[in-house]
Structures are given as structure tokens and as C-alpha cells.
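Please read the structure below before turning to the comments.
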Amino acid sequence: MPVSDDAEGAGPITGPLAQANRRRFLTRSAAAAGVLALDGLHGAAAADRAASAGAAAWTHEQGKPILSPPYGLPSPHEADVVRRPTDLTPTPLSSWSFTPLQDLDGIITPNGLFFERHHAGVPAISPDAHRLVIHGMVDRPLMLSMDDILRLPSVSRIHFLECSGNTLTEWKGPKEKTVQGTHGLLSCAEWTGVPLSVLAEQVGLRPGVKWMLAEGADAAVMDRSIPIAKVLDDALLVYSQNGERLRPEQGYPLRLLLPGYEGNMNIKWLRRLKFSDQPFYTREETSKYSDLMPDGKARLFTFDMEAKSVITSPSGGMRIGAPGFREIRGLAWSGRGRISRVDVSVDGGRNWQQARLQSPVLPKCLTRFRMMWNWQGGPAILQSRCIDETGYVQPTLAELVAVRGLNSVYHLNAIQSWGVAQNGEVTNVHA
Ligand SMILES: Nc1nc2c(c(=O)[nH]1)N[C@H]1C(S)=C(S)[C@@H](COP(=O)(O)O)O[C@H]1N2
Ligand SMILES: [Mo]
């Protein structure tokens, strides 16, 4: 098999360019630590042997023709990289599926791996028959077809979406085995659609409008009240996701996107917007999606997803092969703006080191962080802690529970710990 320079992906390992690349990589990544031993690199002699040993079977024959299939699929070798269900719900119609964060790189979630949360299944909506009604305290009520909506001025923005129930199993002790289970109700996409401020102008909001109801066309008829400031700030009427039309699971043909707000308010299969001078106190925002505090009172309208981060590799269920250097990788995000800093600890929070942030660092968007780690082969506890541009610091679980108590379900944004055992096994632990 041809040996490629793992460091830079720059082709065969021999030759002056590859040597220069390799030198650059070694100085960049391992300067402080001395030698970086990669399993794949055994020096010039081994590389030369491999290079002259002849090409692999797939190099000796032609591959598959174009358009097989017309809509491309991942390599069959990646068949394990899938959304996974939960055992927490009695029916798959009102349930979740979780994004395999441990298998993904960068910040964009492929559309087929975007987490799902439906309260009454995925409706089969014909875009030709679908209508969006806008009414209430407006001068010119409107009923729009998808064609009407596609004519309006559009924007594209990259934002995360997180269910406020993400991590809900972890309040009282480590439960889920993998980061997919603990944090997989989180995904990120480039969304395209119409700013709601444009529509608000079209219909003419009456004086005194303070809230907007958004309602879905699914059998759950999911509805939520949204403050008018959010509607006019950055709310989007979305029809595309990562360059193609929304997937049915994500609200085809039309959904609401409220950047940084809890997943539940991002109404899918959107059919109605109603403007009012007061909130609607729907079932979803009173009996559900509120937070029961230690004194028995419930917090209502907890919209913002607060700053949170998690290490995705190494993470629960993985096994670290050999001591030595490896990159710790993870994601950080905040519903209030940009991530300004991520720190990583390998000793359960006693010492912290600043991680590198991958650009672009966008507001209300996943941010990828990385840090090189020299695992000595002993037990370790890996943690990440983020700070957003408002100065908010991601809390420990103890700090969060001290304020919130243990009655609530949603909005667990505490620091996650992964324990590394002597033998390299990584598990979910509370530290
Ligand atoms: N119409 C409708 N909108 C909905 C829901 C729903 O069941 N019906 N679920 C909500 C919840 S709880 C979440 S977390 C997000 C999930 O969006 P996704 O399935 O695209 O990830 O959609 C929200 N919008
Ligand atoms: Mo949700």
C-alpha cells in the first residue's frame, strides 16, 4: 500500500517536499516534547520498501462508473457512523436519535447524521400543498406558498442546534457510555432561508406586539412563544440545510431557526406564525421545557443554550492504543455568542491548558478545539471547559447542581469528564 505522509497528507513520504513537510510538522507539533512517534512512520527504509512493493488490488483495475449511485453515500467502511436511538422513550414516534459526535471532524454535521427529535413522527409534507400563515397583530395577514417564500431575500448562516434535553441522563451520575449518548442531541449546519425581520416588515407589526407564536404542521402541532426581540434580531425561516433542501426529519419544507435558543423552539414543518402582545403559555412551555428549581418553583422561558463543551476524542467507549502523543479534540458552543477560550485538563480539573481553536469561530456555532497530549500510560481524567464572549464560564456539575438542584431535566451544560484507565479504556465518569 502506498505510504502517505500522515502529517500533511502530502503524498509519498520520500522526496524533498515531503521531507520539508515532515520537518515542519514535527517542529510545529512536538517541539516542546521531543520525539513524536507515529505508528505509521517507521523511517525512510520501511517507507521505501512499502513504496516499491507494488500497488494495491484497487490500483490494478478500474473503479465504479459515475452515478453509482446518483445521490452519493459514505464508504461502506463507515457503516457504523450512524445516528443511534435511545432506550428512554416508549415509542419511536416521540423520541430522539443522537449524532455520532465521536466520529465527526470539523463543525458541520452531515445531513444524514443530524440529530432528530420528533414528538409525533416525521410528517410527509408536499411542498406544493404546504402553506405558511402569518396573522394576529399585523396590518396585512399573509398566506405564503413555498414558491412565495423562495422569492424573498435570503441569507446563509452556520449555527448549532441543541435540544435542551441534551445530556439529561447525567444529572445524578454517569449514565451514557459514549459522547453520542451524553451529547449527541447536538448538531450544526449551514442554514439558508429568509430573515424573519423581512417577513415582519411585509405583514406590518402593530404597536404593542411583544410575542410570536410558531406552530408546526406535524401531528404534535408543536407550538412555542418567541419574544419579538429575537424574531427581529436573527430568527430565520429556513428551507435549506448544508446546501440542499431540509431533510424531512429536520422540518421539510420549512422550519424556524432561532440561533442559540433551545432546540424545542426551532419549530419544524412550520405552518403558522401569530403575533401578540403576550406569550401563549403553550403546553410545551409550561408543563414541559421549564426547569423545576430546588424551592419547587419552575423557571419558565429558559431560551438560551448556555456555553458548553465536550471532548469528542478520546471519549467514552474508545480505547487508547499506546502511550505517547495524540490529539485531544472536542467541540465548544454558546447560545449567547462566540466561544472565546477553551481549556483542557488531563487530571480531573486540577491543572488546565489552553486549547487551540479552529477558525472560523462563529457566534452561536460549534467551535472545534484541539490540544496535543502526551499520554504516559497511567490513569487520567480528561475535561474541557469553555468561556464565551460574554465572560460566562462553563460550570462544573457540582456548581450547576448547587444552583439548579436535582429536580430539573433540561439545560445541563456542566463540564464532562472522561476517565482513562491504565489499559487505555475510556469511560464516562463524574469527577
Ligand atoms: N413541529 C415540531 N417542531 C419541533 C419538534 C417537533 O416534535 N415538532 N421538536 C422540537 C425539539 S424538542 C427539538 S430538540 C428540535 C429538533 O430538531 P431536529 O430534529 O431537526 O434536530 O425540533 C423542535 N421542533
Ligand atoms: Mo428538544
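The values are calculated or read from the model by the stated rules, or taken from the named source; none is laboratory data. Predicted model, so just to flag it, every value in this text is computed and none were measured. Cβ atoms come from the backbone with ideal geometry, glycine included; neighbour counts cover every protein chain shown. Keep in mind that these areas ignore ligands, DNA and RNA; they rest on the heavy atoms of the full protein, side chains included. Shrake-Rupley method; radii C 1.70, N 1.55, O 1.52, S 1.80 Å.
Around the Cα centre of the chain, unit charges on the Cβ atoms of Lys, Arg, Asp and Glu (plus for the first two, minus for the last two) sum to a dipole of about 440 debye. Residues in the chain average 48 Å² of solvent-accessible surface per residue, probe 1.4 Å, ligands and nucleic acids excluded. Just the number, please: carbon plus sulfur as a percent of the accessible area of the chain, 1.4 Å probe, no ligands or DNA/RNA counted. About 54 percent, which is the carbon plus sulfur part of the accessible surface. Where the centroid of each part is defined by its Cα atoms, how far is segment 353-402 from segment 291-352 in Å? Cα centres, segment 353-402 to segment 291-352: 6 Å. Placing unit charges on the Cβ atoms of the charged side chains and taking the dipole of the chain about its Cα centre, the candidate lying farthest along the positive direction among Q353, T169, S94 is Q353.
Measuring between their Cα centroids, segment 128-159 and segment 194-272 lie 10 Å from each other. If the reach is capped at under 19 angstrom between alpha carbons, list the lysines near K210, excluding any in the same chain fewer than eight residues apart. Within the straight-line cut-off, K210 pairs with K230, K274. Peptides 290-302, 366-378 ranked from most to least packed give 366-378, 290-302, packing being the mean of other C-beta atoms within 10 angstrom over each peptide's residues.
Take 52-58, 134-140 and order them by the average number of nearby Cβ atoms within 10 Å per residue, most first; the result is 134-140, 52-58. Checking the cross-link pairs K268/K288; K172/K268; K268/K297 against a 26 Å limit on the alpha carbon distance flags K172/K268; K268/K297 as lying beyond it. Ranked by the mean number of other Cβ atoms within 10 Å per residue, highest first, peptides 249-262, 93-106, 155-168 order as 249-262, 155-168, 93-106. Using C-alpha pairs below 8 Å separated by at least 6 residues, the relative contact order for the chain is 14 percent.
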